[in-house]
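Asks: What follows is a single structure, and I will ask about it in a moment.
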Amino acid sequence: MRKQSGFMITKAGIIVTGAVIGVLAALLVKLGNPANMGICVACFERDIAGALGLHRASVVQYLRPEIPAFILGSFVAALFAREWKPRTGSAPLARFVLGAFSMIGALVFLGCPWRAWLRLAGGDMNAIFGLLGLFAGVLIGIAFLKRGYSLGRNHPAPAALGFVMPAIALGLIALAVVMPLFGRGADGQAVGPIFRSASGPGSMAAPIAVSLAAGLVIGYLAQRSRFCTVGAVRDLVLFRDPHLMLGLASLFAAALVTNLALGQFKLGFEGQPVAHTDGLWNFGGMTLSGLAFTLAGGCPGRQLFLSGEGDADAGVFVLGMITGAAFAHNFNLASSGAGPSPYGPAATVVGLVVVAVIGLSFREKAV
Amino acid sequence: MSDNNDIVKVDARGLACPEPLMLAKSAMNRAGGKAVEVTVDTETAKGNIVRMAGREKRDVETREEGGLFVVRIGGKKA
């Protein structure tokens, strides 16, 4: 085994990764990111979709640097460890659909699995319903896996393919810094293509350099340690393997302690930041998300890290999530602090049906 | 997948988590006490299988063959 893998793949390695993520997430809130949203892969990809004008919900538009930095941190880690392996061919289109519906579910709950734990670590009790939904989704996914579900094998790909997601990440960072304004609105005023919220969660952000640095560190550590918030639950149930769960527990504990130390902990259901109190659809949204992530092989953070280490199918999943975010806001499916939108529950049910059909119909041919 | 008298072989290349580990585990069950060899193509899958073999108190060895990893899980100790 190569030396650089040594420490990070141990128990101590995954615990360190979780702790670093937990502390950085709470610090990013202190430095300007929205409350209980120091890091949220779904929310930040939704903000990026808005920044690019793919949706026009004016309160959630910001080209969050953490997301491209996750990809680049993982890219660098994989290169150093000689684990960078361009690969593709495991039903990318199905992964795109899974990515889109995972996002629609996440935006009914208002957060991805990372934020579900971070919300709980900030005292938001509504997150409990989301986490129960996440567990339910993972359990359904495991049932499909046990029936032989598989999106099939990937294959080695030309090196150029492995550079695509890191190149997109660099492009996004360039746009975040330059913020070009060469579009024109109906009255000729300068608008976009990079939009930035003047109010709401999209207007709240840590300084770009801090977000970038935090994202690079997390991307690096998570690639080395294989950190995954969905794999944590899946492996515990399927193999009684607590390894990844140790990382997740560490994330939760570190975020909780840091939130308490910084006065960011507020216990209760009502009035929680960027959250609603509808338990049923907090549960339902995350059931859809958890199932989609399980069928795609990992949580949204893990998909970013995999895309950095050359897995182009994971890259397609990420693009599916960004597209799903655009649909979620353009079709008024996403929840707000007031509660689910009138269309969110129906979209969740449609998503569950589509994702279940994928779970039932994809099989790996016997080898 | 191929079995012979001494060893059960599994090809888990190119599969997403948790499939390589599921294949390895089912091969171990099927093999009874015999050794199992699993071929994978990522360090992640290799590490997961090595960890699982350790939990099951089996001897485990890995070797690299043309960019792939072959994880050999020893038979059950008498």
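The values are calculated or read from the model by the stated rules, or taken from the named source; none is laboratory data. It should be emphasised that the depicted structure is a prediction, and the values quoted were computed from it without experimental measurement. Counting neighbours? That spans all protein chains shown, and the Cβs are built from the backbone with ideal geometry, glycine included.
Asks: Give the residue that is nearest to the other protein chains (Cβ to nearest Cβ), with candidates limited to residues of the range A:149-169 that are in contact with an Asp or Glu (Cβ under 9 Å, 6 or more places away or on another chain) and more than 17 Å from B:Cys17 (Cβ to Cβ).
Replies: Among those residues, the one meeting the criterion is A:Pro156.
Asks: Could you count how many residues in the range A:316-367 are more than 14 Å from chain B (Cβ to nearest Cβ) and in a helix (DSSP H, G or I)?
Replies: Total satisfying the criteria: 29.
Asks: Answer yes or no: is there a residue in the range A:118-131 that is within 14 Å of another protein chain (Cβ to nearest Cβ), modelled with pLDDT of 95 or more and touching a Phe, Trp or Tyr at 6+ places or on another chain (Cβ under 8 Å).
Replies: Within the range A:118-131 (the criterion being within 14 Å of another protein chain (Cβ to nearest Cβ), modelled with pLDDT of 95 or more and touching a Phe, Trp or Tyr at 6+ places or on another chain (Cβ under 8 Å)), the answer is no, since none of the residues qualifies.
Asks: Of (1) over 22 Å from A:Gly339 (Cα atoms); (2) among the small types (Gly, Ala, Ser); (3) within 15 Å of the chain's Cα centre (by Cα), A:Gly111 satisfies all except one. Which?
Replies: The failed condition is (1).
Asks: If you don't mind, there's one more thing I want to ask. Please go through the range A:73-83 and give me each residue that is part of a helix (DSSP H, G or I) and surrounded by fewer than 24 Cβ atoms within 10 Å (Cβ to Cβ), ordered by number.
Replies: Residues satisfying the conditions are A:Val76, A:Leu79, A:Phe80.
Asks: Something else now. How about the range B:4-23: which of its residues are more than 10 Å from every other protein chain (Cβ to nearest Cβ) and touching a strand residue (DSSP E or B) at 6+ places or on another chain (Cβ under 9 Å)?
Replies: Result: B:Asp6, B:Ile7, B:Val8, B:Lys9, B:Pro20.
Asks: Can you tell me which residue within the range A:296-315, out of those that are in contact with a Pro (Cβ under 7 Å, 6 or more places away or on another chain) and part of a loop (DSSP other than H, G, I, E, B), is farthest from A:Ala42 (Cα to Cα)?
Replies: In this case the residue turns out to be A:Gly310.
Asks: Looking at (1) touching a strand residue (DSSP E or B) at 6+ places or on another chain (Cβ under 9 Å); (2) more than 10 Å from chain A (Cβ to nearest Cβ), which one does B:Gly33 not meet, given that it meets all the others?
Replies: (1)
Asks: I need every pair where a residue in the range A:51-63 that is surrounded by fewer than 22 Cβ atoms within 10 Å (Cβ to Cβ) has its Cβ under 9 Å from the Cβ of a residue that is modelled with pLDDT under 95 and not in a loop (DSSP other than H, G, I, E, B), sequence separation at least 6 or different chains.
Replies: What qualifies is A:Gly53/A:Gly183; A:Gly53/A:Val191.
Asks: Keeping to the range A:124-138, report how many residues are without any contact (Cβ under 8 Å) to a residue 24 or more places away in the chain and assigned to a loop (DSSP other than H, G, I, E, B).
Replies: Selection size over the range A:124-138: 0.
Asks: The conditions are (1) over 23 Å from A:Ile140 (Cβ atoms); (2) buried (at least 20 other Cβ atoms within 10 Å of the Cβ); (3) out of contact with any strand residue (DSSP E or B) (no Cβ under 8 Å at 6 or more places or on another chain); (4) of a type in the set (A, V, I, L, M), and A:Ala312 fails exactly one of them. Which is it?
Replies: It fails just one condition, (3).
Asks: For B:Val38, which of the numbered conditions (1) surrounded by 15 or more Cβ atoms within 10 Å (Cβ to Cβ); (2) out of contact with any Cys (no Cβ under 9 Å at 6 or more places or on another chain); (3) within 9 Å of another protein chain (Cβ to nearest Cβ) fails to hold?
Replies: Failed condition: (3).
Asks: B:Val70 - would you say it is more than 9 Å from chain A (Cβ to nearest Cβ) and either in contact with an Asp or Glu (Cβ under 7 Å, 6 or more places away or on another chain) or touching a residue at least 60 places away in the same chain (Cβ under 8 Å) (or both)?
Replies: yes
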